[in-house]
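Below is one structure, written out as structure tokens; the observations come after it.
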Amino acid sequence: MSVLEIKNLHVNVDTDQGTREILRGVDLVINEGEIHAIMGPNGSGKSTLAYTIAGHPKYHVVQGEILLDGENVLEMTVDERARAGLFLAMQYPVEIPGVTVTNFLRTAKTAIDGEAPSVRHWVKDVRESMSNLKMDSAFAERNVNEGFSGGEKKRNEILQLELLKPRFAVLDETDSGLDVDALRIVSEGVNRAKANTGLGIMLITHYTRILRYITPDFVHVFVAGRIAEQGGRELADRLEEEGYDRYQVAEPAVV
Ligand code: ADP
Ligand code: MG
Ligand code: MG
């Protein structure tokens, strides 16, 4: 049984105005096969949590720990985190000029597994996943994220998720900018990954819309750098009606 544990996580970020404390003591445990929705107002630190798990150099952990099956994630390089089974779908995916989708996937798969995938299975798997996600096969030969629409970027992230088969995925606003059809296709991809591989998921979202297609086991309300409330999926329904106004939103402190 795999588990991702976040304990009393405090994170600072360097800004032009000095160092600011963004995360102020986050505690969260995600077991394999569980879907945790992280919901909260803009600027509450949701992406900061995602970037910190991914190992982005701008975010400094000043207290607390992140453990994957007891292993210290914070001591791992970005590559080691991916090999250990962590996957991050970013809110703003980057373009990779000169690298096609198909080459990127194969390189990432090889790096993560420690050996190249067998050609026969791999080509079939890629085709199948692309077809599941209603992606045109010509898409595979385009450069990663170059000129992709918002929906294409998100589908491409889910394609990676399906093929790289991580143990835990952090999906940061994978729902933003998707029309209803794309939202359903992307959500089905996430549900498939959970069903097929027992993926554990941290689903970061500002809106409750995606939770009509992906049923969270737990909902956490993130406010001003920490979890202000947690519950089951009924909490998401309440947020849909009431919004975040009832939570006191304090500005993160300058430290
Ligand atoms: P959310 O994803 O919940 O909208 P973020 O984690 O993006 O929140 O941001 C939380 C706060 O931290 C915001 O006030 C934001 O301006 C600040 N912040 C996050 N990353 C950076 C950064 N790299 N440089 C400066 N400020 C940042
Ligand atoms: Mg604390
Ligand atoms: Mg964000």
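The values are calculated or read from the model by the stated rules, or taken from the named source; none is laboratory data. From a predicted model like this one, the values you see are computed outputs, not experimental measurements. Cβ atoms come from the backbone with ideal geometry, glycine included; neighbour counts cover every protein chain shown.
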The lone exception for Phe168 - which of (1) under 16 Å from the mean Cα position of the chain (by Cα); (2) over 23 Å from Leu28 (Cβ atoms) it fails: (2)
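Name the one entry in Ala138, Ala108, Ala50, Ala37 that is part of a helix (DSSP H, G or I), of a type outside the set (Phe, Trp, Tyr) and within 16 Å of ligand 1 (Cβ to nearest atom). Break it down stepwise before answering.
On the way: Ala138 fails: within 16 Å of ligand 1 (Cβ to nearest atom); Ala108 fails: within 16 Å of ligand 1 (Cβ to nearest atom); Ala37 fails: part of a helix (DSSP H, G or I).
Every option except Ala50 fails the conditions.
Among the candidates Pro57, Pro97, which residue alone is more than 16 Å from ligand 2 (Cβ to nearest atom), of a type outside the set (D, E, K, R) and part of a loop (DSSP other than H, G, I, E, B)?
Details: Pro97 fails: part of a loop (DSSP other than H, G, I, E, B).
Result: Pro57 is the single residue among Pro57, Pro97 that is more than 16 Å from ligand 2 (Cβ to nearest atom), of a type outside the set (D, E, K, R) and part of a loop (DSSP other than H, G, I, E, B).
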Considering residues of the range 1-28 that are away from ligand 2 (no atom under 16 Å from the Cβ) and hydrophobic (A, V, I, L, M, F, W, C) only, the residue modelled with the lowest pLDDT: Met1
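Only strands (runs of 3 or more DSSP E) wholly contained in the range 159-255 count here; list those with 2 or more residues that are free of Cβ contacts under 8 Å to residues at least 40 places away in the same chain.
Result: 226-231.
Let me confirm something: among Glu157, Glu146, Glu162, Glu141, which residue is acidic (Asp, Glu), surrounded by 19 or more Cβ atoms within 10 Å (Cβ to Cβ) and in contact with a strand residue (DSSP E or B) (Cβ under 7 Å, 6 or more places away or on another chain)?
Numbers: Glu146 fails: surrounded by 19 or more Cβ atoms within 10 Å (Cβ to Cβ); Glu162 fails: in contact with a strand residue (DSSP E or B) (Cβ under 7 Å, 6 or more places away or on another chain); Glu141 fails: surrounded by 19 or more Cβ atoms within 10 Å (Cβ to Cβ).
Criteria check complete, one pass: Glu157.
Just need a number here: residues in the range 141-155 that are under 16 Å from Leu178 (Cβ atoms) and not in a helix (DSSP H, G or I). Write out each step before concluding.
So the first thing to find is which residues in the range 141-155 are under 16 Å from Leu178 (Cβ atoms), and the list is 145, 148-155.
Those left that are additionally not in a helix (DSSP H, G or I): 145, 148-149.
Selection size over the range 141-155: 3.
I'm trying to understand the selection: among the residues of the range 60-95, which are among the aromatic types (Phe, Trp, Tyr) and either more than 16 Å from ligand 1 (Cβ to nearest atom) or within 19 Å of His220 (Cβ to Cβ) (or both)?
Our first condition is that a residue be among the aromatic types (Phe, Trp, Tyr); within the range 60-95, this holds for 87, 92.
Across the range 60-95, the qualifying residue is only Phe87.
Considering only residues that are of a type outside the set (Phe, Trp, Tyr) and at pLDDT 90 or above, which ones fall in the range 112-122? Don't jump to the end; show me each part of the working.
Step one: list which residues in the range 112-122 are of a type outside the set (Phe, Trp, Tyr), which gives 112-121.
Ile112, Asp113, Gly114, Glu115, Ala116, Pro117, Ser118, His121 - these are the residues of the range 112-122 that are of a type outside the set (Phe, Trp, Tyr) and at pLDDT 90 or above.
Please verify whether the range 81-89 includes one or more residues that are more than 23 Å from Ala193 (Cα to Cα) and away from ligand 2 (no atom under 16 Å from the Cβ). Spell out how you get there, then give the answer.
Narrowing the range 81-89 to residues more than 23 Å from Ala193 (Cα to Cα): none.
Within the range 81-89, none of the residues are more than 23 Å from Ala193 (Cα to Cα) and away from ligand 2 (no atom under 16 Å from the Cβ).
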Qualifying residue in the range 73-94 (condition: surrounded by fewer than 21 Cβ atoms within 10 Å (Cβ to Cβ), modelled with pLDDT of 95 or more and touching a His at 6+ places or on another chain (Cβ under 6 Å)): no
Pair list, Cβ under 6 Å, 6 or more apart: the range 81-93 residue within 16 Å of ligand 3 (Cβ to nearest atom), other residue part of a strand (DSSP E or B): Leu88/Val170; Ala89/Leu171; Met90/Asp172; Gln91/Asp172
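Answer yes or no as to whether Arg192 is basic (Lys, Arg), modelled with pLDDT of 90 or more and either within 16 Å of ligand 2 (Cβ to nearest atom) or exposed (fewer than 15 other Cβ atoms within 10 Å of the Cβ) (or both). Steps first, answer last, please.
Details: basic (Lys, Arg): yes; modelled with pLDDT of 90 or more: yes; either within 16 Å of ligand 2 (Cβ to nearest atom) or exposed (fewer than 15 other Cβ atoms within 10 Å of the Cβ) (or both): no.
It is false that Arg192 is basic (Lys, Arg), modelled with pLDDT of 90 or more and either within 16 Å of ligand 2 (Cβ to nearest atom) or exposed (fewer than 15 other Cβ atoms within 10 Å of the Cβ) (or both).
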Verdict on Ile35 being more than 22 Å from Gly225 (Cα to Cα) and either among the β-branched types (Val, Ile, Thr) or within 16 Å of the chain's Cα centre (by Cα) (or both): no
Of the criteria (1) within 30 Å of Met1 (Cβ to Cβ); (2) within 16 Å of ligand 3 (Cβ to nearest atom); (3) of a type in the set (A, V, I, L, M), which one Val223 fails: (1)
